[in-house]
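The values are calculated or read from the model by the stated rules, or taken from the named source; none is laboratory data. Quick caveat, the model's predicted, so the values are computed rather than measured. Please note: Cβ atoms are built from the backbone with ideal geometry, for glycine as well, and neighbour counts cover all protein chains shown.
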Amino acid sequence: MTLPAGSDVEAALVRAAGRGDAAAWRHLLEANAPRVAAYVRWRCAGLPDLTADAIQQTWLEAARHLGRFDPARGSFSDWIGGIVRKVMLAEVRKWRRYRYRHRSFDGGPEPGRTPAEATGEAEAVVRALAELPAEYEEILRAKYLDGRSVRDIAESLRISPKAVESRLTRAREAFRTAFPQLGVET
């Protein structure tokens, strides 16, 4: 089900969900879950445990703070996107602490890890993305996760295609700068 962003229907569903209406909450969840999951998977570089934890934590935080949603300030989708970004920062920090405490004695990979995980590349991608300014992360997500064209991104951001290309260049450079500093040999 697609809800018109910022619509009266969306606002009514949020109010109803806030009063405990399970059907209203289910509609909000179904309308936004695919995008949340895709974004989290991308930010987690496909690491399944981190992805599952971040998605679950996002929806728990949304349920806890549903009363704070203000339709006058934006759509529910934008609001949940803000929660996802905050959760991702917290989850990456928590995951880093966990990985540090639970590394193997001999320095080798933990049992059941894939080669990409064993080399630390997936973890480094997650950390590099978390280090980027929101503007860079947003434009990289639009281009590479959502597969949007430069023209489409320009229209949605109300900037010129040339400005999008410049921002993409700076965002890619920031990612390239952040990635090797995380101790991964590429």
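Checked against the criterion of being of a type in the set (Val, Ile, Thr) and closer than 17 Å to ALA130 by Cα, the stretch 72-80 contains not a single residue that satisfies it.
Does ALA54 qualify as being at pLDDT 85 or above, assigned to a helix (DSSP H, G or I) and either buried (at least 16 other Cβ atoms within 10 Å of the Cβ) or in contact with a Cys (Cβ under 9 Å, 6 or more places away or on another chain) (or both)? Walk me through how you get there before you give the answer.
Numbers: at pLDDT 85 or above: yes; assigned to a helix (DSSP H, G or I): yes; either buried (at least 16 other Cβ atoms within 10 Å of the Cβ) or in contact with a Cys (Cβ under 9 Å, 6 or more places away or on another chain) (or both): yes.
Answer is yes for this residue.
One residue stands out in the stretch 57-82 among those that are closer than 19 Å to ARG19 by Cβ and not in a helix (DSSP H, G or I): the one that is farthest from the chain's Cα centre (by Cα), namely ASP70. Listed by position, the helices (runs of 4 or more DSSP H) contained in the stretch 90-183 that have at least 3 residues being modelled with pLDDT of 75 or more and surrounded by fewer than 18 Cβ atoms within 10 Å (Cβ to Cβ) are 134-140, 150-157, 161-178.
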